Amino acid sequence: MVETFTTRITPYGLDRRVFIHLPDDWQTSGKKYPVIYMFDGHNLFFDETATFGTCWGLKAYYDAHPNYIVVGVECNHEGNKRLEEYCPYDSDWFDGIRGTGKVYLDWLCGEFKAYVDKTWPTLPDRSHTAIAGSSMGGLMSLYAAVAHNDVFSKAGCLSPSVRLCMDPLMADLKKAKLRGYTNIFFSWGEKESKGQHGLAQYTDNALQVTRALQKAGAAVYPYLQMGGSHCEAFWALQVPLYMNVLFGEPCKEDQA
């Protein structure tokens with residue numbers, strides 16, 4: 001089941017809608033569940049709330065795999081506010097971004113996570129806590145897995161917008177030392193940019209980040225989506241893949 005509620009992002013002084021997928025029997029099962037925090041909550045479960053009319057189809061997937069709680073906070077739709085909230089660095093892209101992603105993640109990992117753990121039957125430790133997103137949300141998931149490695153042991157980074165901030169991101173990755181195990185799914189699409197030159201740049205960025213994460217102690221699973229473009233329809237195809245990496249959920253290929 002998917003429920004919605006309103007939360008207040010305290011550092012911004014803004015209310016925001018949250019979508020949460022819960023197992024149907026969560027109130028009677030007596031179980032506690034791993035939690036996956038996700039960005040762009042409005043794009044996850046329903047086509048009618050998705051920005052471009054197509055969602056990730058996560059309701060069908062998690063209805064069929066009722067072993068998790070999935071929490072998605074809606075983005076800020078005002079102007080470039082989504083870019084600002086979902087970027088942990090300042091960037092020259094899009095006429096300049098003053099990134100407040102670090103502030104957002106401090107709120108998410110602190111006040112908001114505490115509320116979720118208090119309200120629903122979660123397994124709150126890092127081994128049962130993941131973060132995932134696409135595009136700018138993928139960038140934030142990648143950054144969160146490093147900067148808040150005490151909170152997250154797993155990250156699904158689908159088409160993360162690392163090109164916006166490669167220099168400061170790589171500088172932080174080279175200094176990072178991750179604890180315990182950290183599993184990261186990192187994908188990019190063959191057709192996210194025009195031509196072979198664009199694909200080569202995307203691939204080079206992805207492999208640079210992958211190597212830096214591995215040196216920091218992460219287990220990284222890079223994935224090139226053949227024919228994939230930068231949209232929810234292709235990210236939906238990757239859901240079983242990142243769930244296999246993050247939680248060992250069998251893919252159809254594994255079950256064959």
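The values are calculated or read from the model by the stated rules, or taken from the named source; none is laboratory data. Given the structure is predicted, the values throughout are model-derived calculations rather than measurements. Note: ideal-geometry Cβ built from the backbone for every residue, glycine included; neighbour counts use all protein chains shown. Heavy atoms of the whole protein, side chains included, go into the accessibility calculation; ligands, DNA and RNA do not. Shrake-Rupley method; radii C 1.70, N 1.55, O 1.52, S 1.80 Å.
Which residue, of P88, P66, is closer than 19 Å to A130 by Cα, of a type outside the set (F, W, Y), part of a loop (DSSP other than H, G, I, E, B) and open to solvent by 10 Å² or more (accessible area, probe 1.4 Å)?
None of the others qualify; the one that does is P66.
Can you confirm whether the stretch 2-9 contains a residue that is assigned to a loop (DSSP other than H, G, I, E, B) and touching a residue at least 24 places away in the same chain (Cβ under 8 Å)? So far as the stretch 2-9 goes, no, none of its residues is assigned to a loop (DSSP other than H, G, I, E, B) and touching a residue at least 24 places away in the same chain (Cβ under 8 Å).
Here's the yes/no breakdown for (1) among the hydrophobic types (A, V, I, L, M, F, W, C); (2) open to solvent by 30 Å² or more (accessible area, probe 1.4 Å):
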residue: Y104; (1), (2): no, no
residue: K113; (1), (2): no, no
residue: P124; (1), (2): no, yes
residue: S135; (1), (2): no, no
residue: L158; (1), (2): yes, no
residue: A171; (1), (2): yes, yes
residue: A176; (1), (2): yes, no
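Of note, Y181 satisfies the criterion of being over 28 Å from C55 (Cα atoms), of a type in the set (F, W, Y), in contact with a strand residue (DSSP E or B) (Cβ under 7 Å, 6 or more places away or on another chain) and open to solvent by 40 Å² or more (accessible area, probe 1.4 Å). Within the stretch 16-58, the set of residues being charged (D, E, K, R), within 20 Å of the chain's Cα centre (by Cα) and open to solvent by 70 Å² or more (accessible area, probe 1.4 Å) comprises R17, D47.
Only one of the listed residues (V209, V151, V239) is at negative phi, among the β-branched types (V, I, T) and open to solvent by 10 Å² or more (accessible area, probe 1.4 Å). That residue is V151. Taking the criterion of being in a loop (DSSP other than H, G, I, E, B) and out of contact with any Asp or Glu (no Cβ under 9 Å at 6 or more places or on another chain), the residues of the stretch 27-43 that qualify are Q27, T28, S29, G30, K32, P34. With respect to (1) under 16 Å from the mean Cα position of the chain (by Cα); (2) of a type in the set (D, E, K, R); (3) over 21 Å from A236 (Cβ atoms), the lone exception for R82 is condition (3). Of all residues in the stretch 137-146, which are open to solvent by less than 10 Å² (accessible area, probe 1.4 Å) and either touching a Leu at 6+ places or on another chain (Cβ under 8 Å) or not hydroxyl-bearing (S, T, Y) (or both)? Of everything in the stretch 137-146, those that are open to solvent by less than 10 Å² (accessible area, probe 1.4 Å) and either touching a Leu at 6+ places or on another chain (Cβ under 8 Å) or not hydroxyl-bearing (S, T, Y) (or both) turn out to be G137, G138, L139, M140, L142, A144, A145.
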